[in-house]
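Everything on this sheet refers to the single structure shown next.
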Amino acid sequence: MVEARLSAAISEAIASLYSIDRESLQIQLQKTRREFEGDFTVVVFPYTRVSKKSPEITASEIGDYLCSHMPEVESFNVIKGFLNISLKSFYWITFLQENCSNISYGLKAPAGDSPVVVEFSSPNTNKPLHLGHIRNNLLGFSLSRILEASGNKVARVNLVNDRGIHICKSMLAWQKWGNGETPETSGTKGDHLVGKYYVIFDQHYKNEIAELVASGIEPEEAAKKAPLILEAQQMLRKWEAHDPETIRLWEMMNRWVYDGFDITYKTLGIDFDKIYYESRTYLLGKSLVNEGIEKGVFTKRSDGSVWIDLTPDGLDEKLLLRSDGTSVYMTQDMGTARQRYDEYNPSQLIYVVGNEQEYHFNVLKLVLKHLGCSWSDAIYHLSYGMVELPHGKMKSREGTVVDADDLMQEMFETAERMARELGKLESFDGDEAEKLYRIIGLGALKYFILKVDPKKNMLFNPEESVDFNGNTGPFIQYTYARIQSVMRKALELGINSDQHHDFSDYTAKIAPQEKEVLRFLHDFPSTISLAAEMHSPAVIANYAYELAGAYNRFYHDITILKEEDEAVRNFRLGLCNFAGNVISNAMWLLGIEVPERM
RNA sequence: GUCCGCGUAGCUCAGUGGAUAGAGCAGUAGCCUUCUAAGCUAUUGGUCGUAAGUUCGAUUCUUACCGCGGACACCA
């Protein structure tokens, strides 16, 4: 890495010029901004303290030292306290030559025994997936790829919440009002059908509450005493007692949901290495509770409930087991964390879960720590913000959710309409065109969501369709398609690929537009590291956009195939090929496909 | 009430101590007989929520306040 060598040389320069201890030096090396000449910039203000000279003189002295001690350094200029360093052309030419045809440039191979376990998606089986789940899925899936590309083994896991009172509500409503309706007889996707009965339950339940309130009962009391909720609770008890009839109904309706989810996941392009079901894990954790009681870190109260006191940690007391001995959410999560630790021996356990559960994960980590599980530090909650609609949060009961299947369908239709309007369709047959709409529609949606910093809330306006111009997925996809078009034309002209990977006779000056692209390509490996460190696909998304923009400016200003000097033409073709590889890899990290033509 | 997060252009977002705070959308004006115009160029638009502090230097770090969101269940 030339950056590392530059940093080292700079600290060496300062140490030798001003006779101080180089260990204490922190070098701030950054990319030179586009409006100034140079490749890398050092801010020298911090060193004027030791140089006892003006920033300009300090910068010049360091610059002189670098020119005479680092063979890659060509020249420098000083503006105020900024030392802008230019590298020699041969550095950039060699960089291009060595990497332009490496299709896995920037991607490290996964290594090591301890994988990173990433849990994401984790839906409930009582309703279909919505826009919030899409953000979760895209983040989890992309993060997995980013972690892989930065050298980790990764296991992507999904913990499906397939049991509990909410599923019983759908089951009960279907039993009462379903008339034996199935996905087949209704022509409705299974998850949507089950979701429909969840809504039906809620409507009847609300009516019952209203009646009770009208008869003079307090609303809170009414919500607890309504016959429907009592019946749903009864059903849950029957489920826990393995009542065959209830289990059969449960299995049937869950099957419908899974078939529906499979379609949604497939359309979205998401998959998992392993799927866990809460029905099989919800009893885990009770033994850990007992362990905690024995160790004296948990306390059992007279009513039989078990608690941990986290007030010394600045939190509250937390219930770990109900007085009737049944599990709460925390109990299960303790158990599944332990299970996962035993199963994978992971270096990191990542949970992609919305930020409303931050407190829960803080508690989980602390509880495990108090239990003596040193690996609790390996737990990382990727806490992402809500997707908000113009009028506030999505609320399933108020019908303001943006359904995942509907949204993707709309994206495909928008992609088709745009392609038609732009007259792009002549050269595509039906199947090809259909495939292209999917690639572009999904690209637009995924990029729209992933470009936003995960921890921030984001706004989605269903009235305005997701953009296809500007800082968007299709813009980047288009850039890739253009590059492929150039490469195809090069082949047609009989320029074989071996030819344009040898730049030994390239002597021309590198144009600013070419340099700009080269500098972005140069940054790709460190961008992946940064994204992995920050657990943020947005870092990759914004990088891909900037790279595409730089390429488009290059493409606009500079001829490639019509260039008469073969060495120059080949150099530019190499640059195109390299940019295409990196755009494709960056998009792959986001889980976005790139089309060969569009 | 306590705790956590977020306030950057009309709108959606970048910018994890450095130069004149950047993109896209929207608006305006240009560029296709020339490698794909889903592109490129120019231009309009900012007291970086407010106020103090730390620093040679703060949108970035600290504190207080204001605004928005979230959490603090024998729900998940």
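The values are calculated or read from the model by the stated rules, or taken from the named source; none is laboratory data. None of these values were measured; they are calculated from a predicted model. Here the Cβ is made from the backbone with ideal geometry for all residues, glycine too, and neighbour counts use every protein chain on show.
Numbers for the structure displayed
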{"quantity": "Close pairs from the stretch A:480-491: first near RNA strand B (Cβ under 6 Å from one of its atoms), partner not in a helix (DSSP H, G or I), Cβ under 6 Å, at least 6 apart", "calculated": "A:Ala481/A:Pro595; A:Ala481/A:Arg597; A:Ala481/A:Met598; A:Val486/A:Ile560; A:Lys489/A:Leu561"}
{"quantity": "Residue that is nearest to A:Ile592 (Cα to Cα), among those in the stretch A:131-163 that are polar (S, T, N, Q) and touching a strand residue (DSSP E or B) at 6+ places or on another chain (Cβ under 7 Å)", "calculated": "A:Ser144"}
{"quantity": "Single residue of A:Ala232, A:Ala222, A:Ala241 found to be touching a residue at least 12 places away in the same chain (Cβ under 8 Å) and within 25 Å of A:Ser327 (Cβ to Cβ)", "calculated": "A:Ala232"}
{"quantity": "Pick from the stretch A:24-43, criterion surrounded by 15 or more Cβ atoms within 10 Å (Cβ to Cβ) and within 8 Å of RNA strand B (Cβ to nearest atom), ranking: nearest to A:Glu514 (Cα to Cα)", "calculated": "A:Gly38"}
{"quantity": "Search result, residues across the stretch A:28-82 that are among the polar types (S, T, N, Q) and under 25 Å from A:His522 (Cα atoms)", "calculated": "A:Gln28, A:Gln30, A:Thr32, A:Thr41, A:Ser68, A:Ser75, A:Asn77"}
{"quantity": "Those residues of the stretch A:448-467 which are at pLDDT below 95, in contact with a helix residue (DSSP H, G or I) (Cβ under 6 Å, 6 or more places away or on another chain) and within 20 Å of A:Gly549 (Cβ to Cβ), in sequence order", "calculated": "A:Val466"}
{"quantity": "Index of the failed condition, A:Lys562 passing every other in (1) out of contact with any Ser or Thr (no Cβ under 7 Å at 6 or more places or on another chain); (2) at negative phi; (3) at pLDDT below 95; (4) more than 8 Å from RNA strand B (Cβ to nearest atom)", "calculated": "(4)"}
{"quantity": "Residue check for A:Glu410: more than 30 Å from A:Asn469 (Cβ to Cβ), surrounded by fewer than 18 Cβ atoms within 10 Å (Cβ to Cβ) and either over 22 Å from the mean Cα position of the chain (by Cα) or modelled with pLDDT of 95 or more (or both)", "calculated": "no"}
{"quantity": "Selection count, the stretch A:545-582, where residues are under 30 Å from A:Asn136 (Cβ atoms) and touching a Phe, Trp or Tyr at 6+ places or on another chain (Cβ under 8 Å)", "calculated": "6"}
{"quantity": "Unique residue being over 18 Å from the mean Cα position of the chain (by Cα) and either near RNA strand B (Cβ under 7 Å from one of its atoms) or touching a residue at least 24 places away in the same chain (Cβ under 8 Å) (or both) when the list is A:Met418, A:Met458", "calculated": "A:Met418"}
{"quantity": "Positions within the stretch A:110-146 being among the small types (Gly, Ala, Ser), at negative phi and surrounded by fewer than 24 Cβ atoms within 10 Å (Cβ to Cβ), in sequence order", "calculated": "A:Ala111, A:Ser114, A:Gly132"}
{"quantity": "Selection count, the stretch A:285-303, where residues are surrounded by 15 or more Cβ atoms within 10 Å (Cβ to Cβ) and polar (S, T, N, Q)", "calculated": "0"}
{"quantity": "Odd one out for A:Thr527 among (1) more than 29 Å from A:Ala4 (Cβ to Cβ); (2) more than 9 Å from RNA strand B (Cβ to nearest atom); (3) within 30 Å of the chain's Cα centre (by Cα)", "calculated": "(1)"}
{"quantity": "Residue in the stretch A:377-390 that is assigned by TED's automatic domain parsing to the domain that holds A:Gly335, surrounded by 13 or more Cβ atoms within 10 Å (Cβ to Cβ), without any contact (Cβ under 8 Å) to a residue 60 or more places away in the chain and assigned to a helix (DSSP H, G or I) present", "calculated": "yes"}
{"quantity": "Conditions (1) farther than 26 Å from A:Trp307 by Cα; (2) hydrophobic (A, V, I, L, M, F, W, C); (3) in contact (Cβ under 8 Å) with a residue 60 or more places away in the chain: number failed by A:Leu425", "calculated": "(3)"}
{"quantity": "Number of the condition not met by A:Arg597 [criteria: (1) within 9 Å of RNA strand B (Cβ to nearest atom); (2) in the same structural domain as A:Lys515 (by TED's automatic domain parsing)]", "calculated": "(2)"}
{"quantity": "Among the residues listed as A:Leu83, A:Leu96, the single one being in contact (Cβ under 8 Å) with a residue 60 or more places away in the chain and not β-branched (Val, Ile, Thr)", "calculated": "A:Leu96"}
{"quantity": "Only listed residue being surrounded by 16 or more Cβ atoms within 10 Å (Cβ to Cβ) and assigned by TED's automatic domain parsing to the domain that holds A:Gly178, chosen from A:Ile209, A:Ile263", "calculated": "A:Ile209"}
